[in-house]
Amino acid sequence: MVKESIIKEKKGANFFGFEAIDEAGRVHHNLAVIRGNGTLKLTSSALIFERWLPKKTFSIPLEKIEKIEIKRIHNLKTKLLPILRVYFAGQESFQILGVCLGFKKATMEWQEEIEKAMVVSGKNIAKDNIKNQND
């Protein structure tokens, strides 16, 4: 098995869990999420979060990602630093991954790198579907 090269990596990223969006467009927050630090990796085919404790890996194929935004709230938890929110088609519902990567500049760089990787992988992203928020 060939190991895929890493485009970007951030050790110490803070995992905020997943929100779900139902068919009616309602957002469902997971208040019992196990948060934790870990490593966020971007490869040419996926966005991967490896939580350190309890150990668990979450992988989102780039072709499943629909939208990326930056906010200061996720799963009803606020943070002074920006949170990268990645909207994607999950197995059972549309989901939103929330990860804090540090200051706004670093978070925006991650957003740009993910968008570039999506384009390279053949994913057609509409710029009006991608949103930055300064809140």
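The values are calculated or read from the model by the stated rules, or taken from the named source; none is laboratory data. Model, not experiment: these values are computed from the prediction. For neighbour counting, all protein chains shown are included, and Cβ atoms are generated from backbone atoms with ideal geometry for every residue, glycine included.
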(message) Any residue at all in segment 121-130 that's touching a residue at least 60 places away in the same chain (Cβ under 8 Å), over 17 Å from Gly17 (Cβ atoms) and among the hydroxyl-bearing types (Ser, Thr, Tyr)?
(response) yes
(request) Please enumerate the residues belonging to segment 77-117 that are touching a strand residue (DSSP E or B) at 6+ places or on another chain (Cβ under 9 Å) and part of a loop (DSSP other than H, G, I, E, B). (result) Gly90, Glu92, Ser93, Leu101, Gly102, Phe103
(request) Output the number of residues of segment 40-94 satisfying the condition of being under 20 Å from Lys116 (Cα atoms) and polar (S, T, N, Q). (result) 4
(request) Taking the residues in segment 14-34 that are without any contact (Cβ under 8 Å) to a residue 24 or more places away in the chain and farther than 20 Å from Lys67 by Cβ as candidates, determine which candidate is farthest from the chain's Cα centre (by Cα). (result) Ala32
(message) I'd like to know if segment 73-95 contains one or more residues that are over 27 Å from Lys3 (Cβ atoms), touching a helix residue (DSSP H, G or I) at 6+ places or on another chain (Cβ under 8 Å) and modelled with pLDDT under 95.
(response) no
(request) Please state which of the following conditions Ser5 fails to meet, knowing it meets all the rest: (1) in contact with a Ser or Thr (Cβ under 8 Å, 6 or more places away or on another chain); (2) in contact (Cβ under 8 Å) with a residue 40 or more places away in the chain; (3) surrounded by fewer than 16 Cβ atoms within 10 Å (Cβ to Cβ). (result) (2)
(request) Tell me which residues, restricted to segment 8-34, are surrounded by 15 or more Cβ atoms within 10 Å (Cβ to Cβ) and over 22 Å from Lys116 (Cα atoms). (result) Asn14, Phe15, Phe16, Gly17, Phe18, Glu19, Ala20, Ile21, His29, Asn30, Val33
(request) Among the strands (runs of 3 or more DSSP E) lying completely within segment 1-62, list those that include at least 2 residues that are acidic (Asp, Glu) and modelled with pLDDT of 95 or more. (result) 6-21
(request) Would you check which residues across segment 54-82 are without any contact (Cβ under 8 Å) to a residue 40 or more places away in the chain, more than 23 Å from Lys11 (Cβ to Cβ) and buried (at least 17 other Cβ atoms within 10 Å of the Cβ) and list them? (result) Lys64
